[in-house]
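The values are calculated or read from the model by the stated rules, or taken from the named source; none is laboratory data. Everything quoted here is computed from the prediction, not taken from an experiment. Reconstructed Cβ throughout: ideal geometry from the backbone, glycine too, with neighbour counts over all protein chains shown. Ligands, DNA and RNA are excluded from the accessible area calculation, which covers all protein heavy atoms including side chains. Shrake-Rupley method; radii C 1.70, N 1.55, O 1.52, S 1.80 Å.
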Amino acid sequence: MSVLNRLKKKMLRHPWLYVVRYALISENGEQANFDQLARFDQFNDLSVVPDYFFKINSEISVAEHADELEKSKQIGQYLRSKTKPGPAIGLSPEATLRKMLEGNGGVCSDFSEMFNLFCLINQIPVKEWGCVDRLYNTQFGHSFNEIYSSAKQKWVAIDIHKGILFKEPSGNYLSTIELFQYLRAGNQLEIEHYSEYQSPQIERLNYVYTAQTIPFLVDNRHFKYISNCFRKYEKKIPKLLIDSWIILVQKNQRFIFVLDNYKKLLFKKS
């Protein structure tokens, strides 16, 4: 790595730059409104879904009258069966999905965002979540989703990237909040694989989903603006500059912390 690249990397990891970034994109959420908080379908409709997604959705053959959880499994099974491990993509929705299906990568956040759009097509209420092990000098970050099941009359956490659901020993599926409250109560992680896909590093799940993990809800109310920016400029301008502009005009995603006070966690360390 060149001296210039090492210097750039060191600057991007400066503690105060990290603090400023989280301060700009984060807020503490109201725990009383867990069920209604920042659903993707609450702020977006079919007008944000590119035509390419409808074409792929017809190939998935999602069962029209099935419960939302079964539909979600079908979408997840398709995405995992058609993709290969690789680097993060993070471009416009259509560019990201094309690269994923062509075998050119896709990480957990790419899977979560693509899943959001397929949920819109198939009328599945959905939320996007993230989690980290700490708010400074993190060892990992992860993205997953949560859908509402009419049959079970509850929200159910689903990890599309890992192909898993979360449950209690009784077999009841857990929502995201229930999952982390369950883990923080001292219980062991219980998972269910819903497809043939098996993570090559399954042991890492016990580092990602733990009592110490900090979950946050991803507020996608400006998704249309963000996707249009990437669609227009991704071939002309570096991704970092596009991301910076989106934050500057306050159209960025927001991280809503619902179990922890992010200010205490962040400023205590810094």
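Please go through region 247-264 and give me each residue that is modelled with pLDDT under 90, within 12 Å of ALA23 (Cβ to Cβ) and of a type outside the set (Ser, Thr, Tyr), ordered by number. Matches in region 247-264: ILE247, LYS263. Against the conditions (1) assigned to a helix (DSSP H, G or I); (2) closer than 23 Å to PRO238 by Cα; (3) open to solvent by less than 60 Å² (accessible area, probe 1.4 Å), LEU24 satisfies every one except (3).
If you take just the strands (runs of 3 or more DSSP E) that sit entirely in region 79-170, which of them hold at least 1 residues that are among the acidic types (Asp, Glu) and surrounded by 19 or more Cβ atoms within 10 Å (Cβ to Cβ)? Let's see the steps before the verdict.
Numbers: elements: 126-132, 141-149, 154-159, 164-166.
Where strands (runs of 3 or more DSSP E) fall fully within region 79-170 and carry at least 1 residues being among the acidic types (Asp, Glu) and surrounded by 19 or more Cβ atoms within 10 Å (Cβ to Cβ), they are 126-132, 141-149, 154-159.
Is it true that ASN57 is over 25 Å from LYS251 (Cα atoms), assigned to a helix (DSSP H, G or I) and of a type in the set (S, T, N, Q)? So ASN57 fits the description; yes.
Every residue, every condition in (1) modelled with pLDDT of 95 or more; (2) at negative phi, yes or no:
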{"position": "LYS99", "(1), (2)": "yes, yes"}
{"position": "PRO125", "(1), (2)": "yes, yes"}
{"position": "VAL132", "(1), (2)": "no, yes"}
{"position": "ASN137", "(1), (2)": "no, no"}
{"position": "TYR148", "(1), (2)": "yes, yes"}
{"position": "LYS154", "(1), (2)": "yes, yes"}
{"position": "PHE166", "(1), (2)": "yes, yes"}
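Within region 150-205, the set of residues being among the small types (Gly, Ala, Ser) and closer than 20 Å to GLN36 by Cα comprises SER150, ALA151, ALA157, SER175. Meeting the requirement of 3 or more residues that are open to solvent by 50 Å² or more (accessible area, probe 1.4 Å) and among the charged types (D, E, K, R), the helices (runs of 4 or more DSSP H) wholly within region 175-270 are 223-233, 262-269.
Beta carbons closer than 7 Å, at least 6 apart along the sequence or on distinct chains, pair a first residue in region 150-162 that is free of Cβ contacts under 8 Å to residues at least 24 places away in the same chain with a second that is hydroxyl-bearing (Ser, Thr, Tyr) and assigned to a loop (DSSP other than H, G, I, E, B) for LYS154/SER175.
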